[in-house]
Protein chains: 2
Amino acid sequence: MTTAVANGGAKTPATTRVMSVYSEVQTSRLNHTLPLPSVLRAPFALADGPPSSAAGNPDEIAKLFPHLFGQPSAKLVPTSDSSAAPSGPLKIGVVLSGGQAPGGHNVISGIFDYLQQKAKGSTVYGFKGGPAGIMKCKYVELTPEFVYPFRNQGGFDMICSGRDKIETPQQFKEAEETVVKLDLDGLVVIGGDDSNTNACLLAEYCRSKNMKTHVIGCPKTIDGDLKCKEVPASFGFDTACKIYSEMIGNVMVDARSTGKYYHFVRLMGRAASHITLECALQTHPNIAIIGEEVATMKQTLKNVTDYITDIICKRAELGYNYGVILIPEGLIDFIPEVQTLIAELNEILAHDVVDEAGVWKQKLQPECQKLFDFLPQAIQEQLLLERDPHGNVQVAKIETEKMLISMVETELEKRKAEGKYAGHFKGQSHFFGYEGRCGMPTNFDASYCYALGYAAGALLHCGKTGLISSVGNLCAPVEEWTVGGTALTSMMDVERRHGKFKPVIKKAMVELDGAPFKKFASMRDEWAIKNRYISPGPIQFTGPGANDVNHTLLLELGAVQA
Amino acid sequence: MTTAVANGGAKTPATTRVMSVYSEVQTSRLNHTLPLPSVLRAPFALADGPPSSAAGNPDEIAKLFPHLFGQPSAKLVPTSDSSAAPSGPLKIGVVLSGGQAPGGHNVISGIFDYLQQKAKGSTVYGFKGGPAGIMKCKYVELTPEFVYPFRNQGGFDMICSGRDKIETPQQFKEAEETVVKLDLDGLVVIGGDDSNTNACLLAEYCRSKNMKTHVIGCPKTIDGDLKCKEVPASFGFDTACKIYSEMIGNVMVDARSTGKYYHFVRLMGRAASHITLECALQTHPNIAIIGEEVATMKQTLKNVTDYITDIICKRAELGYNYGVILIPEGLIDFIPEVQTLIAELNEILAHDVVDEAGVWKQKLQPECQKLFDFLPQAIQEQLLLERDPHGNVQVAKIETEKMLISMVETELEKRKAEGKYAGHFKGQSHFFGYEGRCGMPTNFDASYCYALGYAAGALLHCGKTGLISSVGNLCAPVEEWTVGGTALTSMMDVERRHGKFKPVIKKAMVELDGAPFKKFASMRDEWAIKNRYISPGPIQFTGPGANDVNHTLLLELGAVQA
């Protein structure tokens, strides 16, 4: 039981982690001691809360999860009754699901350490390559030697991840075969909203079949859109935002030093604009576009262009022909008219010929035609040429930052001709994405993930299922963090798809009446005109700033005045 | 004399640095104590070396610099003879010239502190916006309050920079008027190869006119191509490479975790490939293209594409459909055939009409036409459409990383059709540039720059002119660094331009028989196939790795075995 065993595949991803090629910082992080919330360091008991409901449509959720609906959330509390401690070894599987987020390795380390320390004799299997690893029974048995090189390191390469889902009856059957074969007492699913919905369906399935396997989720996504009152943050958000903010801060200093560039920075995060908002709070850009506001105000692309152009003109009058503008990756998904255009284009591209002369454009509704003509030529071509395997326009491939630069240029030329603008404009485009997903976790994410994993181990040890590991009071020192599990069904609502109700954990969008947005909104006019740039600098692991909590969390938890 | 005075402009750039909006890391860096080489901390004397010559064509250099040619370099040595110490206050001007590089503010701090401590009563003027500030007599008088907020901070925004040159007789006259008006004893020019050539011309001019103003240069450029035996490094290179390497390391972890992307990373640095080489040594990518090798081997774009494609195919056979590839920004400048094509295109675009049907292409030489047809369509369009104000093709705007992705894709499809490749390929493009130019300087750059500035003050105080501040023994602890000044004429050669000899400091290119390239060349085959990725992580200011010297310097100074 001491060596890693890989079933069904010769290449264990982890063999690529060779310790001798670690950098000094990587090595020092290996030996970084992870603090634990005090409730996890002493004997604890589990205190159940009141019966839970759902985030919406509780009747439908109750039908979809007959065995789990209504179960209470649970909280770990200190106890002096040592007989309350769970005992006995467990067999646990763990899986990483979806895109990378800094800290995933520490969740696994937390689970592993809990079981090593509190449930001696336990076995932990890591499913390889995401949920497909469960269905295909591809796994590696975790050992201290195997886990150690990944402590506090970025990436998901210990067992890798995947985007498959366990959806069809056949797939549930395959998953069942694996957990039965491995005799699993529990499974921890580390993932985003979809993956945790999937985890809950699996928990329900196992319960309905009277299987002993329990399922616990963990909140992962750099996008920061999987959260609720009990789960104040998804892991990875803190690190990713700090990496992007380092780069934004550098670009700001560059803008101010050179005095001649407008840097348009697109930031990863498709569905929600949390990353853009957090980076704005960390760095004070001249402009940050928040998708949720654009959608709520039903803004058009022209509105957004005019908003940016107006500020550029005002700044030119003050002698500033430079600036920094943050744009969320998902911006155009938030603009209703763009959605309409894309839907019409998909229809036309599927059935008609796009002629060079542009006769095809007459098939567009007048409003859509106007918008299409408003778009820069390069974007028009991208919309017509780049299609996914289903023939649809690939919205994700549109380089929004370049599109906006081009549209702002056109608008500025117009104003220059009208004598309303006398500055000079040079746009520089940036996309900060992949470099943030796999960075070494900050001290916050390292500790948070370790606690999430440790808590997941404790919840399984106490016989819980259908909960998401929940660590709270995150603005306090780690010792004071609260630990528990939240009923996944309590976070759910339903969506109607293909005539059926589907359970979903709703993405937590930026709330326009939430403290982070309100703080941003109260300061942005000043940032637009005056230069209040902040350069957070590189993430530090020791010394000043090393244990700072991000602004979103501080503001949402009310730890600072909005 | 205690407040900043701006002559000729209401907007002092520095007013935008408001200390209350500094991040914690920025603030902590303000208070970071800068160590000094021990020779600068005790009484010193200046020891002149033997008469110097030139890097090439000494006869021509002697004619161009009749008053300066042959002057010795100088070295600071400890002395117990306190009467040897220079005395009396000085009036000194300082200017930042050319692109940003981390540490510029510390050079100024070093000059300022030297004069405050060793030449009490001195005055330092900062010329605003580069050499134009000298010609237009735009300056700010530096005070402790003014300088303090910029200590150890990135950027050039204390006095900003510019790319103007003092070239024509009229411009020399304007500069003369300024230095006479301000009664300057000395001027420090902080810049790259061109700016230091300019500094030497100015020193010669002042000497020829019997003016009291002395001129000292300081070696600045992130590109790392201003160096020689006495000047082992240009400042900013260390920080920029470490910032890029952090990002490359993250992208490597991402590549390994996802297992499905080839990341093509273009790195700033037009003329030389030092940055790409250093980042390769820090991170161990699967492929790094070194422009100097491509030029020496007279490789074609097809050769480079094939080299990359071959490795991708080999990796696919091993089950790796991912990787990281580094590309120097200036790559296409190194490829002879591309230079020929661009020259022909410039000629054709200037005189002929580019018709849609492509008849114009017949004007290209057959080899050029073949290369043009080999290029991806997007690049063809870029070559034809994007021109600079002189109507020339804008080589700098070509996104080499996207071009290579497209060419590799085409080649892989061909091989797939031939049954020689069965993998899958997805390219992701990155450009790391601006985010590295203005980062907070590493401990190395912070100390190095401070010593360079402090030494420049000492050289001026000792009455020297036409030298470049030189700090050596850089792999040893700061206390043991050597300090002196190198005759700028000794670094010069001539180039024939418009029928005249022009003095130039030759750019130091990557040497194929130098230790850094040899180390890279000895390891790259292993890196290509095995994954030896290293993730340097974010720059640390305290703790492990905080005082590491970069590989190029270590290898060039022979501090490690090649």
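Take the conditions in contact with a helix residue (DSSP H, G or I) (Cβ under 8 Å, 6 or more places away or on another chain) and under 24 Å from A:Tyr320 (Cβ atoms) and apply them to B:Gly154. Does it pass? Lay out the reasoning, then the answer.
Details: in contact with a helix residue (DSSP H, G or I) (Cβ under 8 Å, 6 or more places away or on another chain): yes; under 24 Å from A:Tyr320 (Cβ atoms): yes.
Taking the combined requirement at face value, the residue satisfies it.
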**Prompt:** Out of B:Gln71, B:Gln116, B:Gln100, which single residue is over 27 Å from the mean Cα position of the chain (by Cα) and on the phi < 0 side of the Ramachandran plot?
**Reply:** B:Gln116
**Complete:** Selection from the stretch A:310-345 of residues within 31 Å of the chain's Cα centre (by Cα), part of a helix (DSSP H, G or I) and either crowded, with 16+ Cβ neighbours inside 10 Å or among the β-branched types (Val, Ile, Thr) (or both) yields A:Ile311, A:Leu331, A:Ile332, A:Asp333, A:Phe334, A:Glu337, A:Val338, A:Thr340, A:Leu341, A:Ile342, A:Glu344, A:Leu345
**Asked** Is it the case that the stretch A:260-271 has a residue that's modelled with pLDDT under 95, buried (at least 21 other Cβ atoms within 10 Å of the Cβ), within 15 Å of the chain's Cα centre (by Cα) and more than 13 Å from chain B (Cβ to nearest Cβ)?
**Response** yes
**Message:** So for the stretch A:236-247 (the condition being in contact with a Gly (Cβ under 9 Å, 6 or more places away or on another chain) and assigned to a loop (DSSP other than H, G, I, E, B)), does at least one residue qualify?
**Reply:** yes
**Residues of the stretch B:445-471 that turn out to be in a helix (DSSP H, G or I) and more than 14 Å from chain A (Cβ to nearest Cβ), as a count** = 15
**Asked** Just wondering, is there one or more residues in the stretch A:527-547 that are surrounded by 21 or more Cβ atoms within 10 Å (Cβ to Cβ), touching a Phe, Trp or Tyr at 6+ places or on another chain (Cβ under 8 Å) and either modelled with pLDDT under 95 or among the basic types (Lys, Arg) (or both)?
**Response** yes
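Which residues, counting only those in the stretch B:523-542, are assigned to a loop (DSSP other than H, G, I, E, B), without any contact (Cβ under 8 Å) to a residue 60 or more places away in the chain and either among the basic types (Lys, Arg) or under 21 Å from B:Ile287 (Cβ atoms) (or both)?
Taking the stretch B:523-542 as the starting set, the residues that turn out to be assigned to a loop (DSSP other than H, G, I, E, B) are B:530-542.
Pick out the ones that are also without any contact (Cβ under 8 Å) to a residue 60 or more places away in the chain and you get B:530, B:540, B:542.
Answer for the stretch B:523-542, where residues must be assigned to a loop (DSSP other than H, G, I, E, B), without any contact (Cβ under 8 Å) to a residue 60 or more places away in the chain and either among the basic types (Lys, Arg) or under 21 Å from B:Ile287 (Cβ atoms) (or both): just B:Lys530.
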**Prompt:** Taking the stretch A:120-139, which residues are in contact with a Pro (Cβ under 7 Å, 6 or more places away or on another chain) and either surrounded by fewer than 21 Cβ atoms within 10 Å (Cβ to Cβ) or modelled with pLDDT under 95 (or both)?
**Reply:** A:Lys120, A:Gly121
**Message:** Among the residues of the stretch B:194-217, are any without any contact (Cβ under 8 Å) to a residue 60 or more places away in the chain, aliphatic (A, V, I, L, M), touching a strand residue (DSSP E or B) at 6+ places or on another chain (Cβ under 7 Å) and not in a loop (DSSP other than H, G, I, E, B)?
**Reply:** yes
**Asked** Taking A:Leu90, is it more than 14 Å from every other protein chain (Cβ to nearest Cβ), touching a residue at least 12 places away in the same chain (Cβ under 8 Å), in contact with a His (Cβ under 9 Å, 6 or more places away or on another chain) and buried (at least 16 other Cβ atoms within 10 Å of the Cβ)?
**Response** yes
**Item:** Index of the failed condition, B:Ala233 passing every other in (1) hydrophobic (A, V, I, L, M, F, W, C); (2) within 14 Å of chain A (Cβ to nearest Cβ); (3) within 13 Å of the chain's Cα centre (by Cα)
**Value:** (2)
**Item:** The lone exception for B:Ile539 - which of (1) within 14 Å of chain A (Cβ to nearest Cβ); (2) in contact with a Gly (Cβ under 6 Å, 6 or more places away or on another chain); (3) among the β-branched types (Val, Ile, Thr) it fails
**Value:** (2)
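Would you mind stating whether B:Gly545 is part of a loop (DSSP other than H, G, I, E, B), free of Cβ contacts under 8 Å to residues at least 40 places away in the same chain and either more than 26 Å from B:Gly319 (Cβ to Cβ) or within 14 Å of chain A (Cβ to nearest Cβ) (or both)?
On the way: part of a loop (DSSP other than H, G, I, E, B): yes; free of Cβ contacts under 8 Å to residues at least 40 places away in the same chain: yes; either more than 26 Å from B:Gly319 (Cβ to Cβ) or within 14 Å of chain A (Cβ to nearest Cβ) (or both): yes.
It is true that B:Gly545 is part of a loop (DSSP other than H, G, I, E, B), free of Cβ contacts under 8 Å to residues at least 40 places away in the same chain and either more than 26 Å from B:Gly319 (Cβ to Cβ) or within 14 Å of chain A (Cβ to nearest Cβ) (or both).
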**Message:** Residues that are in contact (Cβ under 8 Å) with a residue 60 or more places away in the chain and in contact with a Ser or Thr (Cβ under 6 Å, 6 or more places away or on another chain): does the stretch B:294-311 have at least one?
**Reply:** no
**Message:** Filter the stretch A:281-292 down to the residues that are more than 11 Å from A:Ile327 (Cβ to Cβ) and within 14 Å of chain B (Cβ to nearest Cβ) and list them by number.
**Reply:** A:Leu281, A:Gln282, A:Thr283, A:His284, A:Asn286
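Residue under question is A:Asp493, and the condition is that it be closer than 19 Å to A:Thr197 by Cβ and not in a helix (DSSP H, G or I); does it hold? Walk me through it before giving the result.
On the way: closer than 19 Å to A:Thr197 by Cβ: yes; not in a helix (DSSP H, G or I): yes.
Yes: the conditions hold for A:Asp493.
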**Message:** Looking only at the stretch A:375-407, filter to residues that are outside any helix (DSSP H, G or I) and modelled with pLDDT of 80 or more; which one of those is surrounded by the most Cβ atoms within 10 Å (Cβ to Cβ)?
**Reply:** A:Ile398
**Asked** Within the group A:Met491, A:Met509, A:Met440, which residue is buried (at least 17 other Cβ atoms within 10 Å of the Cβ), aliphatic (A, V, I, L, M) and within 14 Å of chain B (Cβ to nearest Cβ)?
**Response** A:Met440
**Filter pass, B:Gly126 being closer than 21 Å to B:Gly192 by Cβ and either in the same structural domain as B:Cys200 (by the TED database) or not in a helix (DSSP H, G or I) (or both)** = yes
**Hey, B:Glu278 under 21 Å from B:Lys507 (Cα atoms), in contact with a Ser or Thr (Cβ under 7 Å, 6 or more places away or on another chain) and either in contact (Cβ under 8 Å) with a residue 60 or more places away in the chain or of a type in the set (A, V, I, L, M, F, W, C) (or both) or not** = yes
**Qualifying residues in the stretch B:31-43 (those that are modelled with pLDDT of 95 or more and among the hydrophobic types (A, V, I, L, M, F, W, C)) - the one surrounded by the fewest Cβ atoms within 10 Å (Cβ to Cβ)** = B:Leu34
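From the list B:Tyr307, B:Tyr322, exactly one residue is modelled with pLDDT of 95 or more and under 19 Å from B:Asp254 (Cβ atoms). Which is it?
Numbers: B:Tyr307 fails: under 19 Å from B:Asp254 (Cβ atoms).
Checking each option against the conditions leaves just B:Tyr322.
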**Prompt:** With respect to B:Pro536, is the statement that it is touching a Ser or Thr at 6+ places or on another chain (Cβ under 8 Å) and over 23 Å from B:Arg256 (Cβ atoms) true?
**Reply:** no
**Residues of the stretch A:161-190 classified as surrounded by 23 or more Cβ atoms within 10 Å (Cβ to Cβ) and within 14 Å of chain B (Cβ to nearest Cβ), total** = 2
**Prompt:** For the stretch A:410-437, which residues satisfy the criterion of being surrounded by fewer than 24 Cβ atoms within 10 Å (Cβ to Cβ), part of a helix (DSSP H, G or I) and touching a Phe, Trp or Tyr at 6+ places or on another chain (Cβ under 7 Å)?
**Reply:** A:Leu412, A:Arg415
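Okay, residues lined up against (1) under 16 Å from A:Ser469 (Cα atoms); (2) among the aliphatic types (A, V, I, L, M):
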{"site": "A:Asp185", "(1), (2)": "no, no"}
{"site": "A:Val189", "(1), (2)": "yes, yes"}
{"site": "A:Asn196", "(1), (2)": "yes, no"}
{"site": "A:Cys228", "(1), (2)": "yes, no"}
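The values are calculated or read from the model by the stated rules, or taken from the named source; none is laboratory data. All of these numbers come straight from a predicted model, not from anything done at the bench. Cβ: placed from backbone, ideal geometry, glycine included. Neighbour counts: every protein chain shown.
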